[in-house]
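S.K.: Handing you this structure, nothing more for now.
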Amino acid sequence: MSSYTSPIREPLVTGHKTYHQITEDLVSPTEKAPNAAWITGFLISVSLLGFGLFCITWTIWHGIGTWNLNRTIGWGWDITNFVWWIGIGHAGTLISAILLLFRQKWRTGVNRAAEAMTIFAVLCAALFPGIHVGRAWVVFYFFPYPNTRGPIWPNFNSPLLWDLFAISTYFTVSLLFWYTGLVPDFATVRDRAKGFRRKIYNFLSFGWTGSAKHWQRWESISLVLAGIATPLVLSVHTIVSFDFATSVIPGWHTTIFPPYFVAGAIFSGFAMVLTLMIITRKILNLQDYITLAHIESMNKVILTTGTIVGVAYLTELFIAWYSGYVYEQFAFFNRALGPYWWSYFGMMFCNVLSPQIFWWKKYRRNIALTFFISIVINIGMWFERFVIIATTLARDYVPSSWSYYSPTWVEIGIFLGTIGLFFTLYLLFTRVAPVVAIAEVKSILKSSGDQYTGPNAIHHGSHDDHSDAHHGHAHDSSTHADDHSHSDSKGSTYMQVVKDDLKKIEGIGPKIAATLNAAGINSFEDLSNSDTNTLQSILDNAEGNFGGNSPESWVVQAKLAFEGKWDELKDLQDRLDGGKY
Amino acid sequence: MTNFEFSGRQRTLLLSGIVLGLVCMGWTWMNDDPLHSRFWSNFLHNSVFFTGIALMAGFFLSASITAWAGWYVTFKRVWESFGLFLIVGLGLMTVIALGNVFHWHHLYHWTDTSILDASVPEKFDSILAGKAGFLNYKWYLGGTVIFVGLWYFIMTRLRALSIKEDEGNDKDFSSHRKMRVWAAAFLPIAGFTSAAMVWQWIMSVDSHWYSTLFAWYTGASWFVSMIALTIMTIMYLKGRGYFQNVTNEHIHDLGKLLFAFSIFWTYLWFSQYMLIWYANVGEETIYFKERWDNYPVLFLGNLAVNFVLPFLVLMRNDTKRKWGSLGFVAAVVFVGHWLDFFLMLKPGILHTAHEAGGGHVGGFAAPGFLEFGTMIGFLCLFLFFAYTMMSRTRLEPSHDPYLEESLHHHV
């Protein structure tokens, strides 16, 4: 990591946080009783999950005939949902692995929740192939095992089996990655806990002590896992795309599928991360850790991947015409203008057109709009899979086989059930683990905290106090008020806590120090945030004769003291004469 | 040394390389078949290869600006200079495009419009008739001039703003913010238009064949070549005493890009090959069958040189930091991707030439001395142009907002 941060960069941790405050803010949600919003959300999620379980039982009890699949449409909502969930699962690994390799500091605000989301989404996805086999009790046919049907594993040349391996590898690595990140944070939770709770977290953190050796090993394994996870981000959805593209079905058999599916998966994953993080930051008051800068960066990823998907859609459409292959041409004609035209146009509108609004910085930083677009993209990416699957299968080579498909209540119920499962797990996660990675946010504080970089950094001495320093960063009207009250309260706590020996500043003696303390200037940081004129007027208005003392160098000195640059301070003081230049 | 001085010796050396290229091209022309298939295919091969490298330099520079990257800034003038080569690329590709209009060459089967007449059934080619709306000289010429011109125009904007930053009057980063706008605009423009040009310039030499992945595959090949050439250029300039601030940390990151995108190229190669092999549709497999049957050494060598070698050599940390290993891989991979373009273009062109009664000359089964000589000529032209651009302003920028980050870069 570079030791220098360009002034053009925005801070990624706002509110002039100290390390202790970061711990306080991020661990406290796991220590308090849940609020009403959480309980309501949890009840709804569990109810949906319950209904989903009922529908799954119904399917297994009565058989797959309770779905509306027919002779050509062998895949309907089940595989649509499967691909949708797997796609959503991609953002976590992308954020934790690829963005780690790319040294993107903003990933620290969202990686923990995104990785959790990955694991829950993969669980939801894995459900569908499991029940789609119909006779779940012979699901072991998937696996290579000694059998009487020949020496070769019966399904080994099918991408569906490769899928099983790819997804289980991906799930394992994602889980390891997520858990490795959690270990030091569980230790932080443990250190604040008492009794049985302490024992549990001690167990979960593997007895982490925070020694240099532990950290060194932890950093090594994180990098190794990132290296392993990076090809997995590509491999999983590549193999999902093989499920379609290895066939000779027009509309499915096209070589662009692997990278296009990966781009689409990252796209949909980021949309779901945005949906979750916008709610989470609001409910858990994490606006200082998931800032508008984070949301803007994610919106840029959304715009990029949405446009890549757009290039792929148009490439497919164009090459279908270019190929001169009538069945391919018909498949695309049918997608756009056939009986499912609405899903094709929904897909184009939601995935390609709607993200284009993020070309404008104003909209990238608009939280309400971002939330709305993220939902639109979630829907659009579901449409994409529905278009690929159902639309294609509904128009076979032979017109006599043409059919139409709409889901039964059982299929809809199972889909709702996975949404319930996803949110149930996510809500539980917010109760037991810090949703923002404490250790990782602390690692970027010195380079990206707003007291060190950006317009509110303390070397900008024009601000009078802390609360004023927060005015700049929230442009969004809907959360402006929240950001404010939140930051203000933190700011004032902070000022009470820190008290430095101001006498270390050349030119300040015990009397002036007392005068400054009376004026609310207690720490080097406070002093460095003041400006010379204010200080002069404090001195002028104070009792006692400070006429010979000039505060002109104090702000500069205090800044060095606050940043711990004692050598530089000493050099400066050597050059100063009684605090004067 | 803040400014690059393009010395007389370097000029002489590069000019002799260009002369060598011209001699090879002249030699090729004189010993060619009546269609001059070998001459024109070499001309197209190298024009496409180096124009694409220039495009990718501009593209990656834009991507870096858009992503707020800081590490590359101290050597960004290399990519700016590479990107400006697009104006030369525009000239070269326009020659090919005009060749379609005036039938100077017969590189593309679709330029023969007599096969589009349905009333002559023995000559009629229904597939090419279906594609005639796109595969015609108007699209080719218009796309080349407008799209490459647009890429070049955006590169000149980025370059001008970059030089303006050096004046140091940019306290509120206004030049940099303007660069972000141009850079962000360049990404989708390059993304959409480069695909169209790849279909025209390269994929349509196999005029019946198609693959949706082809444009991205070609782009990845260009990209790896661009990174390899960047590594070699920086190493050379450091050897001459320039770029003191470009450290092994930067070299290491360029090595990582070379490693990662070699794997990405392989991923796209495999995706395209595997899907076509698995589905086994004759119209599609013909592309690989042709190359497998008639070019087995190049076909497998392509993978060995462009995947196995960088994968095995650059996997370790230290080989990405040592000049010997990284420079060697960069040089081999650069030639490797040039061979990849050879393999994309020559079989299709040869087939077209055979149909037209030509093609009975060397330089198609494998690159000969004349092909390599021509390539050296184009490479020297590229470097001559790039060094000229580098010498026109400070070699290392002075006021880029990310400059300090780049100077303190540590992996």
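Throughout, read-outs are computed from the coordinates displayed, never taken from laboratory work. Computed from a predicted structure; not experimentally measured. Cβ placement follows ideal geometry from the backbone for every residue including glycine, while neighbour counts extend to all protein chains displayed.
S.K.: When the helices in chain A are scored as -39500 (n - 2.57) per DSSP H run of 4 or longer and the sum is shared across all residues, what 222 nm value do you end up with, to the nearest 500 deg cm²/dmol?
M.R.: Computed mean residue ellipticity for chain A: -21000 deg cm²/dmol.
S.K.: If you line up the Cα atoms of segment B:95-245 on their principal axes, what length do they span on each, largest first, in Å?
M.R.: Between the extreme Cα coordinates on each principal axis of segment B:95-245 lie 69, 34, 29 Å.
S.K.: Right, next: Are there any trypsin sites (Lys or Arg not before Pro) in segment A:96-201 that are in a DSSP loop and have at most 13 other Cβ atoms within 10 Å? List them by number. Working shown, then result.
M.R.: Working: sites: A:Arg103, A:Lys105, A:Arg107, A:Arg112, A:Arg135, A:Arg149, A:Arg190, A:Arg192, A:Lys194, A:Arg197, A:Arg198, A:Lys199; in loops: A:Arg103, A:Lys105, A:Arg135, A:Arg149, A:Lys194.
Qualifying residues, ordered by number: A:Arg135, A:Arg149, A:Lys194.
S.K.: Short version: ³J(HN,Hα) in whole Hz for each residue of segment B:368-379, in order, from phi by Karplus 6.51 cos²θ - 1.76 cosθ + 1.60 (θ = phi - 60°), x for Gly and Pro, what are they?
M.R.: Residue by residue, segment B:368-379 yields x, 4, 5, 5, 5, x, 4, 4, 5, x, 5, 4 Hz.
S.K.: Using every pair of alpha-carbon atoms in segment B:8-407, split the distances into 20 Å bins beginning at 0 and state the percent of pairs per bin, rounded to integers.
M.R.: Result, from short to long distances: 27, 58, 15, 1 percent.
S.K.: Please list, or write none, the aspartates and glutamates whose alpha carbon is within less than 15 Å of the alpha carbon of A:Lys503, excluding same-chain residues fewer than 8 places away.
M.R.: Straight-distance partners of A:Lys503: A:Glu525, A:Asp526.
S.K.: Counting Lys and Arg as +1 and Asp and Glu as -1, what is the net charge of the other residues whose Cβ lies under 11 Å from the Cβ of B:Phe259?
M.R.: Charge balance in the 11 Å sphere: +2.
S.K.: Which pairs in the list B:Lys76/B:Lys164; A:Lys361/A:Lys446; A:Lys446/B:Lys178; A:Lys442/A:Lys570; A:Lys105/A:Lys565 are over 18 Å apart, alpha-carbon to alpha-carbon?
M.R.: A:Lys361/A:Lys446; A:Lys446/B:Lys178; A:Lys442/A:Lys570; A:Lys105/A:Lys565
S.K.: Taking neighbour counts of Cβ atoms within 10 Å as a proxy for exposure, in what order, fewest first, do A:Trp359, A:Trp106 appear?
M.R.: A:Trp359, A:Trp106
S.K.: In whole Hz, what ³J(HN,Hα) sequence does segment B:27-38 give by Karplus (6.51, -1.76, 1.60; θ = phi - 60°), x for Gly and Pro?
M.R.: 4, 4, 4, 6, 9, 8, 6, x, 7, 6, 4, 5
S.K.: With viscosity set to 1.002 mPa s and temperature to 20 °C, compute the Stokes-Einstein D of the protein assembly as shown, Rh being the Kirkwood radius across alpha carbon pairs; µm²/s, no decimals.
M.R.: D = 68 µm²/s.
S.K.: Now a separate question. Could you estimate the translational diffusion coefficient of segment A:176-230 from the Stokes-Einstein equation, with Rh from the Kirkwood formula over C-alpha pairs, at 4 °C and 1.567 mPa s, in whole µm²/s?
M.R.: For the chosen part, D equals 111 µm²/s.
S.K.: Over the Cα atoms of segment B:1-105, how large are the radius of gyration and the largest Cα-Cα distance (Dmax), in Å?
M.R.: Using the Cα atoms of segment B:1-105, the pair Rg, Dmax is 17.7, 53 Å.
S.K.: Any chance you could give the angle, 0 to 90 degrees and rounded to 10, that helix A:195-204 forms with the longest Cα principal axis of chain A?
M.R.: The two axes meet at around 60 degrees.
S.K.: A further question on this structure: Could you name the aspartates and glutamates whose alpha carbon sits less than 13 Å from that of B:Lys123, not counting residues in the same chain fewer than 8 places away?
M.R.: Partners within reach: B:Asp112, B:Glu355.
S.K.: Okay, next question. Where does chain A land on Rg(C-alpha)/(2.2 N^0.38 Å)?
M.R.: In units of the 2.2 N^0.38 Å rule of thumb, it is 1.17.
S.K.: For each of B:Cys380, A:Cys350, count neighbouring Cβ atoms within 10 Å of the residue's Cβ, then give the residues from fewest to most.
M.R.: Result, fewest neighbours first: B:Cys380, A:Cys350.
S.K.: How about segment B:123-219: which trypsin sites (Lys or Arg not before Pro) there are in a DSSP loop, with at most 16 other Cβ atoms within 10 Å of their Cβ? Please report the intermediate quantities before stating the final value.
M.R.: Details: sites: B:Lys123, B:Lys131, B:Lys138, B:Arg157, B:Arg159, B:Lys164, B:Lys171, B:Arg177, B:Lys178, B:Arg180; in loops: B:Lys123, B:Lys171.
Filter output for segment B:123-219: B:Lys123, B:Lys171.
S.K.: Which whole-Hz couplings ³J(HN,Hα) result when phi for each residue of segment B:290-306 is put into the Karplus expression 6.51 cos²θ - 1.76 cosθ + 1.60, θ = phi - 60°, listed in order with x for Gly and Pro?
M.R.: Using θ = phi - 60°, the values come out as 3, 6, 5, 6, 9, 10, x, 5, 5, 4, 7, x, 3, 6, 5, 6, 8 Hz.
S.K.: When the Debye formula is applied to the Cα atoms of segment A:270-426, each taken as the same point scatterer, what base-10 log of I(q)/I(0) results at q = 0.08, 0.10 Å⁻¹?
M.R.: Listed by q, the Debye log ratios stand at -0.31, -0.47.
S.K.: Quick one: order A:Phe330, A:Phe156, B:Phe85, B:Phe378 by neighbouring beta-carbon count within 10 Å, fewest to most.
M.R.: Details: A:Phe330 16, A:Phe156 9, B:Phe85 26, B:Phe378 23.
Starting with the residue having the fewest Cβ neighbours, the order is A:Phe156, A:Phe330, B:Phe378, B:Phe85.
S.K.: Can I ask one more? For segment A:6-40, which trypsin sites (Lys or Arg not before Pro) are both in a DSSP coil and crowded by at most 13 other Cβ atoms within 10 Å?
M.R.: Numbers: sites: A:Arg9, A:Lys17, A:Lys32; in loops: A:Arg9, A:Lys17, A:Lys32.
Those satisfying the criteria are A:Lys32.
S.K.: Can you give the calculated 222 nm mean residue ellipticity of chain B, where each DSSP H run of n ≥ 4 adds -39,500 (n - 2.57) and the sum is split over every residue, rounded to the nearest 500 deg cm²/dmol?
M.R.: The per-residue figure over chain B is -23500 deg cm²/dmol.
S.K.: Taking the Cα centre of segment B:8-407 as origin and charging only Cβ (+1 Lys, Arg; -1 Asp, Glu), how large is the dipole, in debye to the nearest 20?
M.R.: So the dipole magnitude of segment B:8-407 works out to roughly 1120 debye.
S.K.: Let me ask something else about it. Using alpha-carbon positions, what is the distance between the centroids of segment B:257-290 and segment B:205-223, in Å?
M.R.: Using only Cα atoms to place each centre, the spacing works out to 10 Å.
S.K.: Angle between the Cα long axis of helix A:77-88 and the longest principal axis of chain A, 0 to 90 degrees, nearest 10?
M.R.: Approximately 30 degrees, to the nearest 10.
S.K.: Tally Lys and Arg at +1 and Asp and Glu at -1 over the other residues with C-beta under 12 Å from the C-beta of B:Glu283: what net charge comes out?
M.R.: Net of charged neighbours comes to -2.
S.K.: Using a cut-off of 12 Å between beta-carbons, work out the net charge of the residues near A:Trp85 (Lys and Arg +1, Asp and Glu -1, A:Trp85 not included).
M.R.: Net charge in that neighbourhood comes out at 0.
S.K.: Lysines within cross-link reach of B:Lys346: Cα-Cα under 22 Å, excluding same-chain residues under 8 positions apart?
M.R.: B:Lys131, B:Lys289
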